[in-house]
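The values are calculated or read from the model by the stated rules, or taken from the named source; none is laboratory data. Just so you know, these numbers come straight off a predicted model, no measurement behind them. Glycine gets a Cβ as well: all are built from the backbone with ideal geometry, and neighbour counts include every protein chain shown. Ligands, DNA and RNA are stripped out before the accessible areas are found, and what is left, the full protein with its side chains, is counted by its heavy atoms. Shrake-Rupley method; radii C 1.70, N 1.55, O 1.52, S 1.80 Å.
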Amino acid sequence: MGMSHLRGTDRGEVQMLPPCLDDYVAVEAAVRFMDAYAESLDFKKLGFARSIPKNTGRPAYHPADLLKLYLYGYLNRIRSSRRLEAEAARNLEVIWLLRGLRPDFKTIADFRKDNRKLFKEVLREFNLMCRKLELFGAELVAIDGSKFKASNGQRRHFNAEQLREVIKHIDGRIDEYLRELDTQDAEQGPPPPPPPSPPAGDKNKSTETMAEKIARLRASREEHAALLQGMEKSAQTEVSLTDADARKMRDTQRGGYFIGYNVQVAVDAKHDLIATAEVVQSACDRDQLGAIAQAAKDQLNVTSLEVVADKGYHSADELEACENAGITTYVPAQGSTSGRSSKDGRKVFAKERFSYDAAADEYQCPQGERLKLRGTCNRKKGRQHLLYANEAACRKCPLKAQCTAGKYRTIQRLRNEAVLERAAARMAGRTAMSARRREVVEHVFGTLKQWGHGDFLTRGLEKVTGEFHLSALAYNLKRALKLKTFGELLGALPKAA
Ligand code: SF4
């Protein structure tokens, strides 16, 4: 045989294996902390439902056990209920964690589905423990969004125009079949008796009769027409057939689009822990800042908070909501679009060249003239703009060609534009703030996507939100295990009820 190999022992031999299950799990294994953590929770207070197994008559599983299973899974890249069922039978750590319980995949899946709204509370409880250990700075949070894939293929997603195309295509096919039937009738006279029908399940499309083909197409047409009608009624612009809540999202990494959700997180800058998270349908971050910043402030239970976000979040209304809630924002402005004439697109003085004098409520232009309030105009979404101009000055201005394509220059001002000016003043000279933001949030999304959590397994906004809260919980748990010793963590757990 030549060289010898290590081949293990004879399976039939009587072994001196560790006498109890506990000996198979390392003293400071993460799984031991998950166990202690789940046991410390008051599931009744948290509102968890009983998990009743499929075979009725058997006692229910304790929510602590199913939560342990999910925590273990989400931390170890095992998220599907079928794989979790399998692990409960073959993975020693899981066997230890569940003390030999082997819930079936349906029970496991139902637990995640039925308690979807409660994982946020569990995350909150976990964060309270982290607060005790001073893992949160609770001074500065970075807010960002990332697109996660829905359990919905691109081909199962339509906008109104695509639906109309599909319906038109079906109509064309139906017409074709009807014409074919007509010619068959004309050539053959009365139709022959139908062939004996093939056994059930054996019927494929080639053996479908013409009438069956037409019936199938008509059913499909009706289905698509109903979707279109529903869409027109609800003013919704797109529809996904598998996960109706999912929306088209731009794929920033690979280009193109996919069907998914927009995950919003507020991450504490001290140790990159997730303070709070929400999932939204809108692909755009512009209207999100106020809500997520306030949620973070509530979660951290502080009276003031600093928030840093990228320019996608720059919106006067959202920044104003933050100001009103005692939240100091650091959000860079979008690149100015006012450097072009709206008339002929020529390059003109950007709005930044006009300085606002709040005391006089006037703008000073590059020529040194004063532009006074002339009136208002109502823009989209009921936003009111104030208009400033000085027609007489522009008429004889030597810089006019560089300033406007019209008879005189008008400057528009938002009702709450002072908020934007204050935000710009805060941002001035704070370039390091943006770099800090990137570091903090990229750690979160980078880690979760690396763990494979960038694809949701469940469907519907509520369920994917619950799923993300589980991901966030696993992420924070892993961070805490890295930052604190086992003993410190156990010491911070609330005493079991
Ligand atoms: S065109 Fe009017 S607004 Fe522009 S620089 Fe001249 S005076 Fe000022």
Next on the checklist: Given the condition open to solvent by less than 40 Å² (accessible area, probe 1.4 Å) and assigned to a loop (DSSP other than H, G, I, E, B), answer yes or no: does some residue in the range 429-440 qualify?
Outcome noted: no
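If a residue has to be basic (Lys, Arg) and either assigned by TED's automatic domain parsing to the domain that holds Ala316 or more than 10 Å from the ligand (Cβ to nearest atom) (or both) to count, how many in the range 402-417 make the cut?
The qualifying residues number 2.
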Item to check | When residues of the range 260-278 are limited to those that are open to solvent by less than 10 Å² (accessible area, probe 1.4 Å) and over 19 Å from Glu125 (Cβ atoms), the one farthest from the chain's Cα centre (by Cα) | outcome: Gly260
Checklist entry - For the range 30-39, which residues satisfy the criterion of being of a type in the set (Gly, Ala, Ser) and more than 14 Å from Asp65 (Cβ to Cβ)? => result Ala30
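Please verify whether Lys381 is modelled with pLDDT under 95, within 16 Å of the ligand (Cβ to nearest atom) and either over 27 Å from Lys311 (Cβ atoms) or of a type outside the set (Val, Ile, Thr) (or both), treating the condition exactly as stated.
Answer is no for this residue.
If a residue has to be of a type in the set (Lys, Arg) and either under 28 Å from the mean Cα position of the chain (by Cα) or within 16 Å of the ligand (Cβ to nearest atom) (or both) to count, how many in the range 418-442 make the cut?
The total comes to 3.
How about the range 24-118: which helices (runs of 4 or more DSSP H) wholly inside it have at least 3 residues that are open to solvent by less than 50 Å² (accessible area, probe 1.4 Å) and not basic (Lys, Arg)?
Qualifying helices (runs of 4 or more DSSP H): 30-40, 63-75, 81-90, 92-97, 105-114.
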Next on the checklist: Cβ contacts < 6 Å: first residue over 19 Å from Glu417 (Cβ atoms) and more than 8 Å from the ligand (Cβ to nearest atom), restricted to the range 385-401; second residue open to solvent by 40 Å² or more (accessible area, probe 1.4 Å) and of a type outside the set (Lys, Arg), any location; separation 6+ or different chain. Result?
Outcome noted: Glu391/Tyr408
Checklist entry - Does Ala296 satisfy being within 22 Å of Thr447 (Cα to Cα) and not assigned by TED's automatic domain parsing to the domain that holds Asn159? => result yes
Checklist outcome for this item: Within the range 319-359, residues within 16 Å of the ligand (Cβ to nearest atom), assigned to a loop (DSSP other than H, G, I, E, B) and of a type outside the set (Ser, Thr, Tyr) come out as Gly339, Lys343, Asp344, Arg346, Val348, Phe349, Ala350, Phe354
Checklist entry - What single numbered condition from (1) exposed (fewer than 10 other Cβ atoms within 10 Å of the Cβ); (2) of a type outside the set (Lys, Arg); (3) at pLDDT 90 or above; (4) more than 9 Å from the ligand (Cβ to nearest atom) fails to hold for Gly368? => result (4)
Next on the checklist: Residue under question is Ala316, and the condition is that it be hydrophobic (A, V, I, L, M, F, W, C), assigned by TED's automatic domain parsing to the domain that holds Ala291, within 27 Å of Ile143 (Cα to Cα) and without any contact (Cβ under 8 Å) to a residue 60 or more places away in the chain; does it hold?
Outcome noted: no
Checklist entry - With Lys482, Lys478, Lys407 as the choices, which residue is without any contact (Cβ under 8 Å) to a residue 60 or more places away in the chain, open to solvent by 70 Å² or more (accessible area, probe 1.4 Å) and part of a helix (DSSP H, G or I)? => result Lys482
Checklist outcome for this item: Every listed condition ((1) within 14 Å of Ile411 (Cβ to Cβ); (2) open to solvent by 40 Å² or more (accessible area, probe 1.4 Å); (3) not in a loop (DSSP other than H, G, I, E, B)) holds for Tyr388 save (2)
Checklist outcome for this item: For the range 141-174 the number of residues that are at pLDDT 90 or above and closer than 20 Å to Gln264 by Cβ is 8
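Report yes if Glu238 is of a type outside the set (Val, Ile, Thr) and at pLDDT below 80, otherwise no.
yes
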